[in-house]
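The values are calculated or read from the model by the stated rules, or taken from the named source; none is laboratory data. Note that the structure is a prediction, hence the values are computed from the model and not measured. When we count neighbours, we look across all protein chains shown, and the Cβ atoms used for this are built from the backbone with ideal geometry, even at glycine. The area values use the complete protein model at the heavy-atom level, side chains included, leaving out ligands, DNA and RNA. Shrake-Rupley method; radii C 1.70, N 1.55, O 1.52, S 1.80 Å.
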Amino acid sequence: MDIKLFKVFMSPDVLSPLNEILMSGQLTQGSKVENFERMLQQYLNNPLALTLNSATSGLTLAMRLLKEKSDTMDWPGFDESTDVVLTPALTCFATTAAILANNVNIRWLDSDLTTANISLEDVRSKLNANTKVIYLVHWGGNPVDLEELDKICEEHKAKYGYKPFIVEDCAHAFGAEYNGEKIGSFKLNKNNHICVFSFQAIKHLTTGDGSLITLPTEELYERCKLLRWFGIDRNKRNVKGKDFRLENDIIEWGYKFHMNDVNATIGIYNLPHIPDLLKKNRANALYFNEELKYLDGIQIMESKQQGDSAYWLYTIRVLNGKKKEFMERMKDAGIMTSQVHNRNDINSVVREYQEPLRNLDILEKELVCIPVGWWLTSEEKKHIITNIIEILSV
């Protein structure tokens with residue numbers, strides 16, 4: 001067998017409309033992007049959502065937006081010289097790179113051994129007057145306990161006068177839910193959450209590459225809309241009535257972070273398949289939970305009662321120092337496994353920020369992800385379980 005950890009889903013009915021776009025001469029941001037955004041806003045129940053060209057762009061924009069003081073949001077702004085971003089060490093380096101691109105200081109958050117998400121105990125211990133922004137990752141699609149995190153932020157507000165801003169890296173979590181609301185919904189965004197989703201090739205929803213960012217206020221939404229395209233207001237082009245290609249006065253420089261109609265077209269035809277894909281992922285995870293819950297030698301990740309994981313990853317801890325052997329034998333059985341993301345704090349570029357992360361020291365020696373996706377057949381799922389039991393019984 002050759003059981004893959006990831007697989008690209010592409011709707012078969014996208015070929016004809018995609019060809020039309022490719023031959024239309026309209027490839028950049030246009031009507032398809034607008035249509036796709038409306039579909040995503042409806043799916044997430046959030047009107048303040050904007051498409052981008054990558055999740056890295058979204059995570060970069062999020063920090064950029066938070067540097068400015070806002071009286072309407074009761075936000076003090078972010079001082080690059082004194083303030084600090086708390087961020088998980090266990091994540092794709094894109095999360096860290098986006099923060100570093102804003103020329104701000106970081107401090108690492110340790111992992112929760114039961115979920116591989118950030119340790120909320122560590123968040124509470126590291127918050128102070130200079131820790132204004134918290135990045136988090138919903139590992140594997142399993143939501144962080146947002147209620148407990150909000151309590152911690154309220155404690156911070158009572159002590160320092162403002163709530164820290166939360167940037168949710170939702171690269172694993174499209175379609176995940178918390179208290180019956182989709183991650184990224186307007187209700188969950190409240191007043192201090194920015195969510196960034198990835199539409200990269202192997203994610204639940206792919207547009208080839210791309211992203212969605214959701215904002216908690218109209219103020220941030222409108223500013224983000226400008227900054228994703230150099231700071232140019234697309235609705236005020238041709239302001240002098242002479243040349244459409246000439247932009248209006250730019251009051252704040254931005255980036256070339258917008259989505260194009262090619263990517264949006266792929267997204268338009270893939271999005272309707274998401275409920276079925278998520279249903280299959282969750283059913284596969286439930287099967288693994290039942291088959292593995294009493295097995296000695298591994299620990300499966302916990303899910304909070306309020307959360308409903310999207311299961312982009314199915315993560316286990318392989319105990320007793322057997323991780324390397326486990327992965328080698330699974331490979332021999334034709335089953336791809338991986339840790340998926342290396343810890344970020346070991347990289348030379350962030351050497352100055354190193355500090356002890358005791359849980360992650362344990363977790364990285366045990367963390368393994370096994371295939372859980374919509375493509376698995378019944379035979380393949382049984383093959384995975386049979387081999388796990390056989391490997392751990394030795």
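Here is how the numbers come out for the structure above:
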{"item": "Where I362 falls short, out of the listed (1) surrounded by 18 or more Cβ atoms within 10 Å (Cβ to Cβ); (2) more than 23 Å from the chain's Cα centre (by Cα); (3) in a helix (DSSP H, G or I)", "result": "(1)"}
{"item": "Residue selected from the range 134-163 under the condition assigned to a helix (DSSP H, G or I) and open to solvent by less than 10 Å² (accessible area, probe 1.4 Å), by the criterion nearest to K182 (Cα to Cα)", "result": "G141"}
{"item": "Test set (1) charged (D, E, K, R); (2) surrounded by fewer than 24 Cβ atoms within 10 Å (Cβ to Cβ); (3) touching a Leu at 6+ places or on another chain (Cβ under 8 Å) - E168 fails condition number", "result": "(2)"}
{"item": "Odd one out for A101, checked against (1) under 23 Å from K203 (Cβ atoms); (2) surrounded by 21 or more Cβ atoms within 10 Å (Cβ to Cβ); (3) small (G, A, S)", "result": "(2)"}
{"item": "Subset of the range 176-191 [more than 11 Å from the chain's Cα centre (by Cα), open to solvent by less than 10 Å² (accessible area, probe 1.4 Å) and not aromatic (F, W, Y)]", "result": "S185, N189"}
{"item": "Enumeration of residues in the range 294-310 that are open to solvent by 40 Å² or more (accessible area, probe 1.4 Å), assigned to a loop (DSSP other than H, G, I, E, B) and touching a strand residue (DSSP E or B) at 6+ places or on another chain (Cβ under 7 Å)", "result": "Q306"}
{"item": "Scope the range 20-36; condition under 25 Å from D276 (Cβ atoms) and either touching a strand residue (DSSP E or B) at 6+ places or on another chain (Cβ under 8 Å) or surrounded by fewer than 16 Cβ atoms within 10 Å (Cβ to Cβ) (or both); matching residues", "result": "V33, N35, F36"}
{"item": "Count - residues of the range 173-212 that are more than 17 Å from A310 (Cα to Cα) and part of a loop (DSSP other than H, G, I, E, B)", "result": "7"}
{"item": "Breaking point among (1) small (G, A, S); (2) assigned to a helix (DSSP H, G or I); (3) touching a helix residue (DSSP H, G or I) at 6+ places or on another chain (Cβ under 8 Å), for A283", "result": "(3)"}
{"item": "Selection count, the range 193-223, where residues are over 15 Å from N53 (Cβ atoms), more than 14 Å from the chain's Cα centre (by Cα) and either open to solvent by 10 Å² or more (accessible area, probe 1.4 Å) or of a type in the set (A, V, I, L, M) (or both)", "result": "8"}
{"item": "Single match in T56, T95 (criterion: assigned to a helix (DSSP H, G or I), open to solvent by 10 Å² or more (accessible area, probe 1.4 Å) and touching a residue at least 24 places away in the same chain (Cβ under 8 Å))", "result": "T56"}
{"item": "Hey, K331 surrounded by fewer than 16 Cβ atoms within 10 Å (Cβ to Cβ) and over 20 Å from the mean Cα position of the chain (by Cα) or not", "result": "yes"}
{"item": "Filter result (in contact with a Lys or Arg (Cβ under 7 Å, 6 or more places away or on another chain) and either without any contact (Cβ under 8 Å) to a residue 60 or more places away in the chain or closer than 13 Å to S111 by Cβ (or both)) within the range 341-362", "result": "L360"}
{"item": "Every pair of residues 6+ apart whose Cβ atoms lie under 8 Å, when the first sits in the range 369-394 and is closer than 29 Å to L90 by Cβ and without any contact (Cβ under 8 Å) to a residue 40 or more places away in the chain while the second is open to solvent by 10 Å² or more (accessible area, probe 1.4 Å) and acidic (D, E)", "result": "none"}
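Residues checked against (1) farther than 26 Å from G321 by Cα; (2) open to solvent by less than 50 Å² (accessible area, probe 1.4 Å); (3) under 28 Å from the mean Cα position of the chain (by Cα); (4) among the acidic types (D, E):
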site	(1), (2), (3), (4)
E352	yes, no, yes, yes
R358	no, no, yes, no
I370	no, yes, yes, no
L376	yes, yes, yes, no
